[in-house]
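**Student:** I'd like to ask you about the structure that follows.
Just so it is clear, none of the values below were taken in a lab; they were calculated from the coordinates. Worth saying up front: this structure is predicted, and the values here are computed from it rather than measured. With ideal geometry, Cβ positions are generated from the backbone for all residues, glycine too; neighbour counts draw on all protein chains shown.
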There are 2 protein chains.
Amino acid sequence: MEKIDRYPFYVEPFHVDMNGDMFLGILGNHLLNAAGRHSQRRGWGIGTLNETRHTWVLSRLSIELEAMPRQYEHGEVVTWVESVIRLFTNRNFAILRPDGTPYGYARSIWAMIDMETRKPCDLLTLYDGDILRYVVPEAENVCPIAGHGRFRFANPRHVRTIETYYSDADINGHVNSIKYIEHILDLFPVERFRQQGLRRFEIAYKAESYIGDSLWFYVQDVDDRETDVEVRKNGAEVVCQAKVRFR
Amino acid sequence: MEKIDRYPFYVEPFHVDMNGDMFLGILGNHLLNAAGRHSQRRGWGIGTLNETRHTWVLSRLSIELEAMPRQYEHGEVVTWVESVIRLFTNRNFAILRPDGTPYGYARSIWAMIDMETRKPCDLLTLYDGDILRYVVPEAENVCPIAGHGRFRFANPRHVRTIETYYSDADINGHVNSIKYIEHILDLFPVERFRQQGLRRFEIAYKAESYIGDSLWFYVQDVDDRETDVEVRKNGAEVVCQAKVRFR
């Protein structure tokens, strides 16, 4: 089987912001779907994994865009596994126009966990290391954006607290990965998106939160284009951290 | 050209609630997309209309479901125009499984407005009444759910106020039609969805709100399964009204 998959997308009218640019959460959803299908086609999907009580957990996602896909445009998400490092796998994405030119790229890191113990599994030995057959080394397919950055929170400002409701749920009753992206971007005034647009978005998922938890948002400006965001549940445990870079 | 269109959909993992049921907002999005494409294919799409400074405005949407589409299921939205009554057109939908059995049905009412004056146009004379060529009368294709209901607000309780942010926007900077559905359903505890599930949802769009407006939610229980909801912007003008019926 091919190591690289391509999944088409189309930018629907209700999936764009007031600039006509696709919402980043919608793009994130396309990336996660592409990851899910790519795994599934190779026997590494959630369904198969659940039979042996394993599941994928998204740890990091970094998206960098030259331009956002715009309303009514068609594009495709290309995805492949770049490397497997025992407890983690690096999966990359290219987000392309029909003519092959890039809107942008993305990187992600995933762990495989045992659903009983919630502990990570050794990907090199699970299923006799089958996943290694699908690795496309960097030398063969470059993902030309910087790796995941580091967060150094010194004294972030608490700027908002929200409650979580029905629409935030995923199938496990957790707040879903995409909703965090939406809530984080909602911290910024619409004028920022009107005037500057998004250049890069990184998120590190640290812990689960459940519907009914309140989410506390803390921000720290890095410079006039970049802001780090930390999300804590019920004001305490860190749930995720993000880095938002405007143009 | 055929009068009835069929558009396939697939229930993605991030589009389902904690029961594995598709979110109603996602289904609503599929319905509005189907309406948009059906109009567009017949020369009545937003793009064409904007050339003559006209646009469609959604006035009512009522969805009733025997069962919600579930994660990983495939289905299709069938849509047709049932009637045209000078200033309004009635558009219906069937939401079907691949074997043709129904998940449910939906009804909608649309007005055509002049973008300069914001006044409704006479659909029977616009483009020489071209739209009448696509009407499928009720006798030919039945939509077997009740028509849009009436709202009788006596003394509704104010239960929540929310701010509107970037992710709520549509391309015009209004709060988008789908987001109202999400915010309204978020008024109910997740246990209602776990135990009862949604049976019917109606919404009447009355006025636009803009990103930055606050939305005030008022509820009035009709009986133990049905609740009416009124949304007012900045505590004053009514933006929309909804009727939520659980099983």
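**Student:** For segment A:58-101, what ratio Rg/Rh do Cα atoms give with a Kirkwood hydrodynamic radius?
**Tutor:** Radius of gyration relative to Kirkwood radius: 1.06.
**Student:** Turning to a different aspect of this structure: Could you list which residues have their amide H under 5 Å from that of A:Trp80, counting only those 5 or more apart in sequence or on another chain, with H placed in the peptide plane?
**Tutor:** Placed amide hydrogens put A:Asn92 under 5 Å from A:Trp80.
**Student:** With each label point set 7 Å from Cα along the Cα-Cβ vector, what nm distance links A:Ser214 and B:Leu124?
**Tutor:** Inter-label distance under the simple model: 5.7 nm.
**Student:** Near the amide H of A:Ser59, under 5 Å away, which other amide H atoms are found, from residues 5 or more places off or on another chain, if H is placed in the peptide plane?
**Tutor:** When sequence neighbours closer than 5 places are left aside, the close amide H contacts are A:Ile109, A:Trp110, A:Ala111.
**Student:** What is the projected area of the convex hull of the Cα atoms of segment A:153-229, averaged over all directions, in nm²?
**Tutor:** Over every viewing direction, the Cα hull of segment A:153-229 projects on average to 5.7 nm².
**Student:** Quick one: pull the percentage of alpha-carbon pairs in the protein assembly as shown with a separation above 37 Å.
**Tutor:** 30
**Student:** Kindly give the distances from B:Asn172 to its copy-mates, label point to label point, with each label point 7 Å from Cα along Cα→Cβ, as nm values to one decimal ordered shortest first.
**Tutor:** Those label-point separations list as 4.1 nm.
**Student:** Still on this model: Can you tell which of A:Leu215, B:Val16, B:Ile95 lies farthest toward the positive end of the dipole of the protein assembly as shown, using +1 and -1 charges on the Cβ of basic and acidic side chains (Lys, Arg; Asp, Glu)?
**Tutor:** A:Leu215
**Student:** Given the Cα-Cα distance of A:Ala139 and A:Arg6 and 0.36 nm per residue of separation, how much length would full extension add, in nm?
**Tutor:** Stretched fully, the A:Ala139-A:Arg6 segment lengthens by 45.9 nm.
**Student:** Could you give me the ³J(HN,Hα) list for segment B:90-107, computed from phi with Karplus coefficients 6.51, -1.76, 1.60 and θ = phi - 60°, whole Hz, x at Gly and Pro?
**Tutor:** Taking θ as phi minus 60°, the curve returns 9, 10, 10, 9, 10, 10, 10, 7, x, 7, x, 6, x, 6, x, 9, 8, 10 Hz for segment B:90-107.
**Student:** What is the pair-distance distribution P(r) of segment A:5-134, computed from all Cα-Cα distances in 10 Å bins starting at 0, with each bin given as a whole percent?
**Tutor:** The distribution over segment A:5-134 is 13, 41, 28, 15, 3, given as percents.
**Student:** Please compute, over every Cα-Cα pair in chain A, the percentage with a separation greater than 30 angstrom.
**Tutor:** 27
**Student:** From the backbone phi of segment A:223-234, what are the Karplus-calculated ³J(HN,Hα) couplings (6.51 cos²θ - 1.76 cosθ + 1.60, θ = phi - 60°) in whole Hz, Gly and Pro given as x?
**Tutor:** Per-residue couplings from phi come out as 8, 6, 10, 10, 9, 9, 10, 10, 10, 10, 8, 6 Hz.
**Student:** Over what distance in Å are the Cα centres of segment A:158-213 and segment A:1-41 separated?
**Tutor:** Distance between centres, Cα-based: 18 Å.
**Student:** List the pairs from A:Lys3/B:Lys179; A:Lys119/B:Lys179; A:Lys3/A:Lys119 whose alpha-carbon separation is above 32 Å, in the order I gave them.
**Tutor:** Values: A:Lys3/B:Lys179 38 Å; A:Lys119/B:Lys179 37 Å; A:Lys3/A:Lys119 28 Å.
Checking Cα-Cα distances, A:Lys3/B:Lys179; A:Lys119/B:Lys179 exceed 32 Å.
**Student:** Given the -39500 (n - 2.57) contribution per DSSP H run of 4+ residues, what per-residue ellipticity at 222 nm results for chain B, rounded to the nearest 500 deg cm²/dmol?
**Tutor:** Here the helix-only value at 222 nm equals -4500 deg cm²/dmol.
**Student:** As a test of the definition: which semi-axes, in Å, follow for segment B:186-247 when you take the square root of five times each eigenvalue of its alpha carbon gyration tensor? Largest first, please.
**Tutor:** Numbers: eigenvalues 114, 27, 19 Å².
Output for segment B:186-247: semi-axes of 24, 12, 10 Å.
**Student:** I want the antiparallel fraction of DSSP beta bridges within the protein assembly as shown, as a percent rounded to 5.
**Tutor:** Given both bridge residues lie in the protein assembly as shown, the antiparallel proportion sits at roughly 95 percent.
**Student:** Let me ask another. At a threshold of 8 angstrom on Cα-Cα distance, excluding pairs fewer than six apart, so keeping six or more, what relative contact order does chain B reach in percent?
**Tutor:** 18
**Student:** Take every Cα-Cα distance within segment A:93-187, group them into 5 Å bins from 0 onward, and report for each bin the whole-number percent of pairs it holds.
**Tutor:** 2, 8, 10, 14, 16, 19, 17, 9, 5, 0
**Student:** While we're here: For segment B:11-62, just the Cα atoms, rotate onto the principal axes and tell me the three extents in Å, largest first.
**Tutor:** Principal axes ranked by extent give 45, 20, 13 Å for the Cα atoms.
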